[in-house]
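Engineer: Supplied in structure tokens, the structure appears directly below.
The values are calculated or read from the model by the stated rules, or taken from the named source; none is laboratory data. Quantities reported herein were computed from a predicted structural model and do not represent experimental measurements. Quick reminder, even Gly has a Cβ in these numbers, built from the backbone with ideal geometry, and neighbours come from all protein chains shown. Surface accessibility is based on the protein's heavy atoms, side chains included, excluding ligands, DNA and RNA. Shrake-Rupley method; radii C 1.70, N 1.55, O 1.52, S 1.80 Å.
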Amino acid sequence: MKVFQFAAVLEAQIRQEVELVMAQSTPELQAAVTAVGTFQAGIELLVDRAQYVDVDSGRYPEVNAAGLLGPDSVWQEALAGLGTSRESTVVGLASLWFLIVLTEKSGQYYQQAALNSAHPATRLFFSSMAEVKGMLRRRLDGLLRQLYNAAWTEVGFAPFVLGKD
């Protein structure tokens with residue numbers, strides 16, 4: 001099915017982009033980007049497995065949000081290390097903006113795929129994928145807000161319009 005093949009290529013490309021961000025990230029951002037990389041590897045594996053399922057005779061793999069996102073402690077650790085230096089704040093903002101856009105756009109793809117799928121199991125699978133991408137987006141948003149606060153402290157005013165992203 002072309003929808004799954006597109007998703008597989010999309011997720012592979014996102015994984016490669018996340019790996020580039022991982023290689024260039026500051027030590028303060030490393031825990032966050034590593035968590036995103038782990039999530040992305042899991043999503044890519046799910047899509048790879050799902051593209052070979054015959055929906056009429058088989059089952060799609062389970063989309064386990066907790067397993068993909070990892071424990072809350074990982075995200076708390078990522079949050080604790082953010083905004084500790086001026087340079088890491090600016091680099092972190094740019095990196096998180098990029099990761100958020102990748103997450104949002106791929107989530108939109110799964111929403112559209114769900115809306116355009118004829119089979120109920122396929123709609124459910126794609127809806128689950130969109131939901132888990134939305135969960136990652138919310139995790140990244142929490143990290144981004146921490147960096148916004150650090151930037152605000154640094155420059156003395158809100159450097160960006162909050163709530164517009």
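Engineer: Looking at region 1-26, which of its residues are open to solvent by less than 60 Å² (accessible area, probe 1.4 Å) and part of a helix (DSSP H, G or I)?
Structural biologist: Once the filter is applied, which keeps residues that are open to solvent by less than 60 Å² (accessible area, probe 1.4 Å) and part of a helix (DSSP H, G or I), region 1-26 yields Val3, Phe4, Ala7, Ala8, Leu10, Glu11, Ala12, Ile14, Glu17, Val18, Val21, Met22.
Engineer: Within the group Leu46, Leu79, Leu29, which residue is open to solvent by less than 20 Å² (accessible area, probe 1.4 Å), more than 18 Å from Val132 (Cβ to Cβ) and part of a helix (DSSP H, G or I)?
Structural biologist: Values: Leu46 fails: more than 18 Å from Val132 (Cβ to Cβ); Leu79 fails: open to solvent by less than 20 Å² (accessible area, probe 1.4 Å).
None of the others qualify; the one that does is Leu29.
Engineer: Continuing with this model, one more query. Being among the acidic types (Asp, Glu) and modelled with pLDDT under 95 is the filter; apply it to region 108-154 and report the residue that is nearest to Val3 (Cα to Cα).
Structural biologist: Going through the qualifying residues, I end up with Asp141.
Engineer: Tally the residues that are in contact (Cβ under 8 Å) with a residue 60 or more places away in the chain and open to solvent by 20 Å² or more (accessible area, probe 1.4 Å), restricting the search to region 125-149.
Structural biologist: Of the residues in region 125-149, 7 are in contact (Cβ under 8 Å) with a residue 60 or more places away in the chain and open to solvent by 20 Å² or more (accessible area, probe 1.4 Å).
Engineer: Kindly indicate whether Glu62 is of a type in the set (D, E, K, R) and more than 20 Å from Val3 (Cα to Cα). Talk me through it step by step, then tell me what you get.
Structural biologist: Values: of a type in the set (D, E, K, R): yes; more than 20 Å from Val3 (Cα to Cα): no.
Considered against the rule, which asks whether it is of a type in the set (D, E, K, R) and more than 20 Å from Val3 (Cα to Cα), Glu62 comes out as no.
Engineer: Looking only at region 91-123, count every residue that is open to solvent by 80 Å² or more (accessible area, probe 1.4 Å), in contact (Cβ under 8 Å) with a residue 40 or more places away in the chain and farther than 19 Å from Ala32 by Cα and tell me the total.
Structural biologist: 1
Engineer: Now for a different question. When you go through (1) open to solvent by 80 Å² or more (accessible area, probe 1.4 Å); (2) at pLDDT 95 or above; (3) of a type in the set (Phe, Trp, Tyr) one by one for Phe157, which number turns out not to apply?
Structural biologist: (2)
Engineer: Report, by residue number, each residue of region 57-66 that is touching a residue at least 60 places away in the same chain (Cβ under 8 Å) and either open to solvent by 70 Å² or more (accessible area, probe 1.4 Å) or touching a Leu at 6+ places or on another chain (Cβ under 6 Å) (or both).
Structural biologist: Of everything in region 57-66, just one residue is touching a residue at least 60 places away in the same chain (Cβ under 8 Å) and either open to solvent by 70 Å² or more (accessible area, probe 1.4 Å) or touching a Leu at 6+ places or on another chain (Cβ under 6 Å) (or both), namely Arg59.
Engineer: Of all residues in region 101-142, count the ones that are more than 18 Å from the chain's Cα centre (by Cα) and of a type outside the set (Gly, Ala, Ser).
Structural biologist: 7
Engineer: Taking the criterion of being of a type in the set (Ser, Thr, Tyr) and within 16 Å of Gly142 (Cα to Cα), would at least one residue in region 61-79 satisfy it?
Structural biologist: There is at least one residue in region 61-79 that is of a type in the set (Ser, Thr, Tyr) and within 16 Å of Gly142 (Cα to Cα).
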